[in-house]
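Engineer: Structure incoming, see below.
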Amino acid sequence: MKERFIGGLLVLLGACSFGVLSSIVKTAYKAGYSLGEVTGVQSFFGMIILWGLYLVYKFFSKKKVIVNTRSFNGNYQLWRVCLAGFCPGLVGIFYYQCVQLIPASIAIVLLMQYLWISVIIDCFVFRNRPTLFQILVVFIIIIGSCLAAGIFNQHISLNLKGCFFGILAAITYSLFITMSSRVGNHLPKLKKSALMITGACFITFIIFPPTFLFELTLDDKLYQWGLMLALLGTVLPPLLFSIGIPKVGISFSAILSAAELPVAVIASYFYLKELIHYNQWIGVALILVAIIIPNLKHLRGDLKTK
């Protein structure tokens with residue numbers, strides 16, 4: 001039971017670290033930094049940290065990783081993982097552009113739409129038809145999102161361009177989840193994460209050439225924001241999830257990872273001083289309920305087997 005508690009705590013911490021990203025990005029924007037600078041320095045630091053951790057792991061590890069090359073060339077497999085990293089790179093660009101144009105509390109709600117977008121991808125790409133219960137859950141998420149985004153609130157005017165980038169972030173996040181579960185599973189977790197963030201850094205630098213890296217001084221605050229974003233958004237969550245999820249199970253982890261949404265809303269309320277109306281809190285609650293209910297049956301089963 002102690003091991004399960006620690007695992008659940010790690011998953012919860014990983015979700016919470018994701019939730020505070022939008023508030024940090026908003027702060028960096030207020031300090032005068034651009035989208036390209038913020039996303040570029042985050043992916044760059046994330047790549048350096050992950051490769052450093054992997055090299056340390058490889059140096060101290062006594063196990064040799066054997067790559068199966070009978071069906072595919074090993075180098076081709078590594079390139080596939082790097083290409084899959086384009087998706088999280090685009091997620092960062094789209095999401096941070098969204099945060100720049102609309103309140104952080106609404107941006108996280110738009111990103112959470114990956115839940116029902118993933119159902120659509122699963123249906124049309126992998127021919128797994130959703131059940132009536134899944135359709136009902138998707139409907140609840142859509143209603144909750146409308147409330148949480150303040151669509152029915154006359155005091156909130158939404159930037160359509162910002163909402164568009166928020167939906168793009170949700171779509172690319174859905175693609176990232178789909179691709180990451182199907183490529184590089186034979187690799188150590190640290191190496192797979194490092195390869196993916198290398199791909200993310202590559203696509204980010206193509207869109208935003210990293211000229212700013214040569215123009216800033218070593219004590220520039222952008223490096224501070226970039227290091228925080230890299231640790232909280234690129235390094236810690238994947239590591240915490242990889243350790244915690246096997247201990248508590250996928251179903252319970254899905255419940256705990258939903259903490260990302262209220263953490264983002266609470267952070268924007270207390271840290272950024274954004275105004276959150278009561279109907280937006282109701283929308284957040286509906287989304288959390290829609291996430292939790294489908295997992296309750298599996299959670300009871302997990303608890304009975306413990």
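The values are calculated or read from the model by the stated rules, or taken from the named source; none is laboratory data. Worth saying up front: this structure is predicted, and the values here are computed from it rather than measured. Every residue, glycine among them, receives a Cβ derived from its backbone with ideal geometry; neighbour counts consider all protein chains shown. Accessible surface is based on the protein model in full, side chains and every heavy atom, while ligands, DNA and RNA are left aside. Shrake-Rupley method; radii C 1.70, N 1.55, O 1.52, S 1.80 Å.
Engineer: Anything in region 129-161 that is over 10 Å from Leu110 (Cα atoms), assigned to a helix (DSSP H, G or I), open to solvent by less than 20 Å² (accessible area, probe 1.4 Å) and of a type outside the set (Val, Ile, Thr)? List them, or say none.
Structural biologist: Gly144
Engineer: So Leu190 fits all but one of (1) open to solvent by less than 40 Å² (accessible area, probe 1.4 Å); (2) closer than 23 Å to Leu110 by Cα; what number is the exception?
Structural biologist: Looking at each condition in turn, Leu190 falls short on (2).
Engineer: Could you pull out the residue among Leu195, Leu168, Leu240 that is under 14 Å from Gly92 (Cα atoms) and either touching a residue at least 12 places away in the same chain (Cβ under 8 Å) or among the polar types (S, T, N, Q) (or both)?
Structural biologist: Being under 14 Å from Gly92 (Cα atoms) and either touching a residue at least 12 places away in the same chain (Cβ under 8 Å) or among the polar types (S, T, N, Q) (or both) holds for just one of Leu195, Leu168, Leu240, which is Leu168.
Engineer: Still on this structure, please answer the following. Go through region 130-179 and give me each residue that's within 28 Å of Met196 (Cβ to Cβ), out of contact with any Cys (no Cβ under 8 Å at 6 or more places or on another chain) and hydroxyl-bearing (Ser, Thr, Tyr).
Structural biologist: Selection gives Ser145, Ser174, Thr178.
Yes or no, residue by residue, for (1) charged (D, E, K, R); (2) over 21 Å from Val20 (Cα atoms):
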| site | (1), (2) |
| --- | --- |
| Gly199 | no, yes |
| Ile203 | no, yes |
| Leu222 | no, no |
| Leu236 | no, no |
| Glu274 | yes, no |
| Trp281 | no, no |
| Ile291 | no, no |
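Engineer: Checking the structure you have, find out if any residue of region 164-172 is of a type in the set (Ser, Thr, Tyr), under 30 Å from Ile142 (Cβ atoms) and out of contact with any Lys or Arg (no Cβ under 8 Å at 6 or more places or on another chain).
Structural biologist: Yes, region 164-172 contains at least one residue that is of a type in the set (Ser, Thr, Tyr), under 30 Å from Ile142 (Cβ atoms) and out of contact with any Lys or Arg (no Cβ under 8 Å at 6 or more places or on another chain).
Engineer: Give region 193-208 a look and list any residue that's within 17 Å of the chain's Cα centre (by Cα) and open to solvent by 50 Å² or more (accessible area, probe 1.4 Å), or say none.
Structural biologist: Scanning region 193-208 gives no hits.
Engineer: Another question about this same structure. Inside region 187-296, counting only helices (runs of 4 or more DSSP H) that do not spill past its ends, which hold 1 or more residues that are more than 30 Å from Leu136 (Cβ to Cβ) and either among the β-branched types (Val, Ile, Thr) or touching a strand residue (DSSP E or B) at 6+ places or on another chain (Cβ under 7 Å) (or both)?
Structural biologist: Those helices (runs of 4 or more DSSP H) span 189-207, 236-248.
Engineer: Among the residues of region 253-263, which ones are of a type in the set (A, V, I, L, M, F, W, C) and at pLDDT below 85?
Structural biologist: Ala254, Ile255, Leu256, Ala258, Ala259, Leu261 - these are the residues of region 253-263 that are of a type in the set (A, V, I, L, M, F, W, C) and at pLDDT below 85.
Engineer: Checking Val289 against (1) crowded, with 16+ Cβ neighbours inside 10 Å; (2) over 15 Å from the mean Cα position of the chain (by Cα); (3) at pLDDT 80 or above; (4) hydrophobic (A, V, I, L, M, F, W, C), which single condition isn't satisfied?
Structural biologist: So the condition that Val289 fails would be (1).
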